[in-house]
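The values are calculated or read from the model by the stated rules, or taken from the named source; none is laboratory data. All values reported here derive from a predicted model rather than from experimental measurement. Note that we place each Cβ from the backbone using ideal geometry, even for glycine, and neighbour counts take in every protein chain shown. Surface areas here come from the heavy atoms of the whole protein model, side chains and all, with no ligands, DNA or RNA. Shrake-Rupley method; radii C 1.70, N 1.55, O 1.52, S 1.80 Å.
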Amino acid sequence: MTDGPAAKEWRGRYLEDFEVGDTFRSRLGRTISEVDNTWFTLLTMNTNQMHFNSEYAAKTEFERPLIVSSLTLAIVLGLSVADTSENAVANLGWEQIRLGRPVFAGDTLWAESEVLSVRESRSRPACGIVEVRTRGVNQDGRTVLEFRRSFMIFKRAAAGEITGAFPAADEPWTV
């Protein structure tokens, strides 16, 4: 049996793939819906009516419900994972989270990340630590969110520890 097409799939970056100054832009954008906002508000038990009460929000300077800022952060972070931390062991921290502009239902976001530092881990020889700054950009090219994040990531030699999660099929193809 050969490796076939699956062997060519993207497996994410490892420590050796990062250099200070590298910039990565998410391949996908994500449009945030009112349903996303409602569910996230309920899941996080956020009781600020600015996020779920249209009548209340209509009386504010925004005139409509705002997307919960922690949802904006989660989506932008998620959009950055394929480019930065898909092979991370763990996030180590977030700093300097800045919310530059409001986000509303119907806005589409993309993530852009720049590598700020790269080093080997002092405590885990199979890993290193990368720090990036990431921003969320909306459909108009306006920055809505910025933050710095550090994460521990595997070195390429340690890839065997994290790959191979797809189960082997127990029967041959039938079509």
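Answer rounded, prolate or oblate for segment 28-72, using the Cα gyration tensor with square roots of eigenvalues a ≥ b ≥ c: rounded when a/c is under 1.5, else prolate when a/b is larger than b/c, else oblate. Oblate, because a/c is 1.5 or more while a/b does not exceed b/c. Charged neighbours of A57, selected by a Cβ distance under 14 Å, balance to -2 (K, R count +1; D, E count -1). Placing dummy labels 7 Å off each Cα toward the beta-carbon, the span from R25 to R11 is 2.8 nm.
Heavy-atom surface analysis with a 1.4 Å probe gives the chain a carbon and sulfur content of 52 percent of its accessible area. Looking at segment 109-143, the trypsin sites (Lys or Arg not before Pro) that sit in a DSSP loop and have at most 15 other Cβ atoms within 10 Å of their own Cβ are R122, R142. Rank V20, V132, V35 by mean-square fluctuation in a GNM of the chain with C-alpha springs under 10 angstrom and give only the top-ranked residue. It is V35. Would you mind finding the longest exposed-site-free stretch of the chain, with exposed chymotrypsin sites (Phe, Trp or Tyr not before Pro) meaning DSSP loop and at most 11 other Cβ atoms within 10 Å? Between the exposed loop sites, the longest stretch runs 11-172.
On full extension, the segment bounded by A90 and S33 gains 17.6 nm, given 0.36 nm per residue less the C-alpha separation. Rolled with a 1.4 Å probe across the full set of protein chains, the surface gives D17 an accessible area near 50 Å². Taking Cα atoms, how many degrees apart are the long axis of helix 69-81 and the longest axis of the chain, rounded to 10 and kept between 0 and 90? In the chain, helix 69-81 runs at an angle near 20 degrees to the longest axis. In the full protein context, segment 19-143 carries 60 Å² of accessible surface per residue, based on a 1.4 Å probe and ignoring ligands, DNA and RNA. Which residue fluctuates most in the GNM of the chain (Cα springs below 10 Å): N46, N87, N138? It is N46.
Relative to the first principal axis of the alpha-carbon coordinates of the chain, what is the inclination of helix 34-44, with its axis defined by its Cα atoms, in degrees from 0 to 90 and to the nearest 10? Computed tilt is about 80 degrees.
Assuming charge only on the beta carbon of Lys and Arg (+1) and of Asp and Glu (-1), the dipole of segment 54-135 about its Cα centre is about 220 debye to the nearest 20.
Stretched out straight at 0.36 nm per residue, the stretch from Q139 to I97 would grow longer than its current Cα-Cα span by 13.1 nm.
Between the exposed loop cleavage positions of the chain, defined as GluC sites (Glu not before Pro) in a non-H, G, I, E, B DSSP state with at most 12 neighbouring beta-carbon atoms within 10 angstrom, the longest gap is 64-175.
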